[in-house]
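Only one structure is covered here, and it is reproduced in the block below.
The values are calculated or read from the model by the stated rules, or taken from the named source; none is laboratory data. None of these values were measured; they are calculated from a predicted model. Ideal geometry is used to build each Cβ from the backbone, glycine not excepted, and the neighbour counts take in all protein chains shown.
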Amino acid sequence: MRHDKASRLLELARLLAGTAEGLTLDEMGERLGVGRRTAERMRDAVREVFPQMEEVEDPPTRRFRIPTGLDGLFQSPTTDELVALRTAADSLQALGAEARAAALKTLEQKILAATKAPARRKLAPDLEALLQAETIAVLAGPRPFEDDVVLSTVREAIKSLKSLRFRYEGGSTPGRVRDLTPYGLLFGRSNYLVAAEAEGEPRNWRLDRIGDIEVLDRTSARPASFSLQAYADQSFGIYHDAVEEVVLRILPHGAQDALCWRFHANQRVRQLPDGSVEVTFRASGMLELSWHLFTWGDKVEILAPPSLRTTMLEQLDLAREALDRHGAA
């Protein structure tokens, strides 16, 4: 129990040393999963060990931070942390995300280089054993496009609050040069730049269709009220269209799978008296959702919206055509 308390205090110290703005007591409690009073006691205990802790006035509350960081004695990585980092890098590389994989591998090298030799020697045997015993199962799908020049240019524009100009080989007018305000990047089955032209709404632009990209010397920033996560959560997949209320009924023989499955980040799940499960969420992207629901076979019933039922029927018609082509003569 004593060791557990010590590790929790060290975790809080790392949190306070890893933030420039500082954390409020409520934020400490949220990060550590404890109440405000417990967070207050933990803060006081950390301050005894690290008297350099600062209080930053942020009316109507206060923030706390350790601005000088922590000594390397408290920062040695664990085997599990290094394995997780390597696994994340290997996963990205397997997906074709070479730029992000390389960034994680460089980070791994920096961490090991900053780790004292005795600690590295202690980590090495367990690290090698786990790396040989764990691997990545590569799923079928498109290889995401990650050109380092495109990614670095987009990130430069976002950091400097500047506009982007590029030639776009997609849409209704391929080859047209676009001037846009970058909002962010969406990584998934395909990778997209979220950006808006002039005063328009944000749209998704496929990175593999972007060429001749440059940062313009023109100030441009996304609205302060825009949340990239909220924007991504509007859609079941990548495609954005009208947001609709989706209601699915997973039949009893698929209920257990549904209870362990996440259809959407903001889903609501309810078990029904007949043993089925009702899943409700708001999203756009009915085509991608219908593709996914096809994998559930006879376990799912679409209750709403009508547009999803229509899209599903259209996809089933296409499947029947494929069946006719591949069926017995």
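Brief remarks follow.
- The stretch 165-212, subset among the aliphatic types (A, V, I, L, M) and more than 25 Å from the chain's Cα centre (by Cα), residue farthest from LEU95 (Cα to Cα): ALA198
Yes/no per residue for (1) within 25 Å of ALA232 (Cα to Cα); (2) hydrophobic (A, V, I, L, M, F, W, C); (3) under 28 Å from the mean Cα position of the chain (by Cα); (4) surrounded by 17 or more Cβ atoms within 10 Å (Cβ to Cβ):
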residue: ILE250; (1), (2), (3), (4): yes, yes, yes, yes
residue: GLN256; (1), (2), (3), (4): no, no, yes, no
residue: CYS260; (1), (2), (3), (4): yes, yes, yes, no
residue: SER276; (1), (2), (3), (4): no, no, no, yes
residue: LEU289; (1), (2), (3), (4): yes, yes, yes, yes
residue: PHE294; (1), (2), (3), (4): yes, yes, yes, no
residue: LEU303; (1), (2), (3), (4): yes, yes, no, no
residue: PRO306; (1), (2), (3), (4): yes, no, no, no
residue: ARG325; (1), (2), (3), (4): no, no, no, no
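- Meets criteria (under 22 Å from THR61 (Cβ atoms), exposed (fewer than 15 other Cβ atoms within 10 Å of the Cβ) and free of Cβ contacts under 8 Å to residues at least 24 places away in the same chain) for GLY29: no
- Candidates in the stretch 114-149 are the residues that are of a type in the set (Gly, Ala, Ser) and at pLDDT 80 or above; of these, the one that is nearest to SER76 (Cα to Cα) is ALA124.
- Considering only residues in the stretch 58-71 that are touching a strand residue (DSSP E or B) at 6+ places or on another chain (Cβ under 8 Å) and not aliphatic (A, V, I, L, M), the one that is surrounded by the most Cβ atoms within 10 Å (Cβ to Cβ) turns out to be PHE64.
- Restricting the stretch 53-96 to residues that are within 29 Å of the chain's Cα centre (by Cα), at pLDDT below 80 and hydrophobic (A, V, I, L, M, F, W, C), the residue that is nearest to ALA133 (Cα to Cα): ALA94
- The residue pairs whose first member lies in the stretch 300-325 and is closer than 22 Å to GLU278 by Cβ and touching a residue at least 24 places away in the same chain (Cβ under 8 Å), whose second member is among the small types (Gly, Ala, Ser) and surrounded by 15 or more Cβ atoms within 10 Å (Cβ to Cβ), and whose beta carbons are closer than 8 Å, counting only pairs six or more residues apart or on different chains, are VAL300/GLY254; LEU308/SER290; THR311/SER290.
- Helices (runs of 4 or more DSSP H) contained in the stretch 3-112 and holding at least 2 residues within 30 Å of GLY188 (Cα to Cα) and β-branched (Val, Ile, Thr): 79-94
- Any strands (runs of 3 or more DSSP E) falling wholly within the stretch 184-233 and containing at least 1 residues that are among the basic types (Lys, Arg): 203-206, 210-219
- Flag if PHE50 is more than 17 Å from GLU27 (Cα to Cα), assigned by TED's automatic domain parsing to the domain that holds LEU12 and over 18 Å from the mean Cα position of the chain (by Cα): yes
- Residue within the stretch 27-39 that is at pLDDT 85 or above and over 22 Å from LYS5 (Cα atoms) present: no
- Complete set of residues in the stretch 187-224 that are among the β-branched types (Val, Ile, Thr) and either surrounded by 13 or more Cβ atoms within 10 Å (Cβ to Cβ) or under 14 Å from PHE166 (Cβ atoms) (or both): VAL194, ILE210, ILE213, VAL215
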